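J.: Sharing a structure below in structure tokens format, with a few things to ask.
Nothing in this text is a laboratory measurement; each read-out follows from the coordinates by a stated rule. Keep in mind that this is a model prediction, so the values were computed, not measured. Note that we place each Cβ from the backbone using ideal geometry, even for glycine, and neighbour counts take in every protein chain shown.
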Amino acid sequence: MRLMLALALSGLALSMPIAALAKTDLAAAVAAPKRPADARALDESRKPAETLAFLGLKPGMQAADIMTGSGYWAEIMADAVGPKGKVTGFEPSQFYASEEEKPKWAALVARRPEVDWVRYPFEAFAAAADSFDFTIINLSYHDLYWQSDKFGIPRTDPDAFVKTLYAATKPGGIVGIIDHAGPAGDTRAVVDKLHRIDPAVVKADFLRAGFVLEAQSPLLANPADDHSKLVFDPAIRGKTDRFLYRFRKPK
């Protein structure tokens, strides 16, 4: 009976499309019990399983989460890539720098020792060539056009960042960008005022570096957002219109 059940289950697995199996793995990663409650609270708006399925994350990949923040994506990805994969979470050294914030970073690192946690100067991202099959940058790419005396962030060169990321991406590798859609205009002024970015600017930056825009998805779009409010405005926070791009480095 057990043998028949095992054969039936294996047959079912073989009959399932690879995409369906990948979605199952991603759903399990999102449901992992070690994820903190404050991260789970973001799932409804971020749609992590659907987003990572669209972007193409798979078990065994070498993956990166740049400007990881709370580690939201890095934690999910660590379970999704499994023991044969690896996740690196990059966080600028200007953040989690205060005595109040340091314990939060330490707690994240302690909770997820299987992730490589890397601190780097915001303005000087670095990674070895051909390191990653997959990279995600969530709601942070626009910050490359931002500068802040408060946080010690100088004017940064987005082209230099994307050039470094291109070199760090393996041939055929993926970069997923999620960000708050913003109006056209002076990019640095828009970012400084609204913490949003014109999607056309992101496309141009990545195409200029050699990436190909393989696909885009309306999964995180919100037509009710008119792009005029600061993303931290309570009226729109957590509900902004977001673009989702999948870039690929040609083989």
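J.: Just check region 152-251 against the gyration tensor rule for me: Cα atoms, a ≥ b ≥ c as the square roots of the eigenvalues, rounded for a/c under 1.5, and otherwise prolate or oblate depending on whether a/b exceeds b/c. Present the calculation step by step, with values, prior to reporting the outcome.
T.: Values: a/c = 2.42, a/b = 1.49, b/c = 1.63.
The shape class here is oblate.
J.: Moving on. Arrange the following residues from fewest to most other Cβ atoms within 10 Å of their Cβ: Ser93, Ser140. Present the calculation step by step, with values, prior to reporting the outcome.
T.: Details: Ser93 13, Ser140 19.
Ranking Ser93, Ser140 by Cβ neighbours within 10 Å, fewest first, gives Ser93, Ser140.
J.: Could you sort the peptides 58-70, 94-106 by per-residue average Cβ neighbour count (10 Å cutoff), highest mean leading?
T.: On the way: 58-70: 21.5, 94-106: 12.4.
Taking the mean over residues of other Cβ atoms within 10 Å, the ranking is 58-70, 94-106.
J.: Now a separate question. Suppose R0 equals 41 Å. What FRET efficiency, 1/(1 + (r/R0)^6) with r the Cβ-Cβ distance, do Val118 and Asp192 give to the nearest 0.05?
T.: Values: r = 27 Å, r/R0 = 0.66.
So the FRET efficiency works out to roughly 0.90.
J.: Which whole-number percent gives the relative contact order of region 20-96, counting Cα pairs below 8 Å spaced six or more residues apart? All intermediate terms of the calculation are to be shown ahead of the outcome.
T.: Numbers: 85 pairs, mean separation 25.0, N = 77.
The value is 32 percent.
J.: With axes computed from alpha carbons, what is the tilt in degrees of helix 102-111 against the longest principal axis of the chain, rounded to the nearest 10 within 0 to 90?
T.: That works out to roughly 20 degrees.
J.: Of Phe54, Ala127, Pro92, which is farthest on the positive side of the dipole of the chain, counting Cα position, with +1 on Lys and Arg Cβ, -1 on Asp and Glu Cβ, and the Cα centre as origin?
T.: Working it through, the farthest residue towards the positive pole turns out to be Phe54.
J.: Normalised by the residues of region 22-155, what does the relative contact order come to in percent, with Cα pairs under 8 Å and at least six apart?
T.: 25 percent
J.: First measure r as the distance between the Cβ atoms of Lys170 and Lys34, then evaluate 1/(1 + (r/R0)^6) with R0 = 35 Å and state the FRET efficiency to the nearest 0.05.
T.: On the way: r = 29 Å, r/R0 = 0.82.
The formula returns an efficiency of 0.75 here.
J.: Tell me, Trp73, Trp146 in order of fewest to most beta-carbon neighbours within 10 Å?
T.: Details: Trp73 29, Trp146 18.
Taking fewest neighbouring Cβ atoms as first place, the list is Trp146, Trp73.
J.: Moving on. Highest first, please rank the peptides 157-164, 38-45 by the mean number of other Cβ atoms sitting within 10 Å of their residues.
T.: Working: 157-164: 16.5, 38-45: 12.4.
So the order, starting with the most tightly packed, is 157-164, 38-45.
J.: Please enumerate, by chain and number, the lysines with C-alpha under 29 Å from the C-alpha of Lys170, excluding those fewer than 8 residues away in the same chain.
T.: Correct list for Lys170: Lys23, Lys47, Lys58, Lys84, Lys86, Lys203, Lys249, Lys251.
J.: For Ala110 paired with Leu42, estimate the spin-label separation in nm (one decimal), with each label point 7 Å from Cα along the Cα-to-Cβ line.
T.: 2.1 nm
J.: State the answer as a single residue: which of Pro103, His142, Pro154 lies farthest towards the positive end of the charge dipole of region 20-248, with beta carbon charges of +1 for Lys and Arg and -1 for Asp and Glu, about the Cα centre.
T.: The listed residue farthest towards the positive side: Pro103.
J.: Continuing with the same structure: Under 8 Å for C-alpha pairs, at least 6 residues apart: give me the relative contact order for region 140-251, rounded to a whole percent. Could the numbers behind the result be given before it?
T.: Numbers: 190 pairs, mean separation 36.6, N = 112.
Contact order relative to length: 33 percent.
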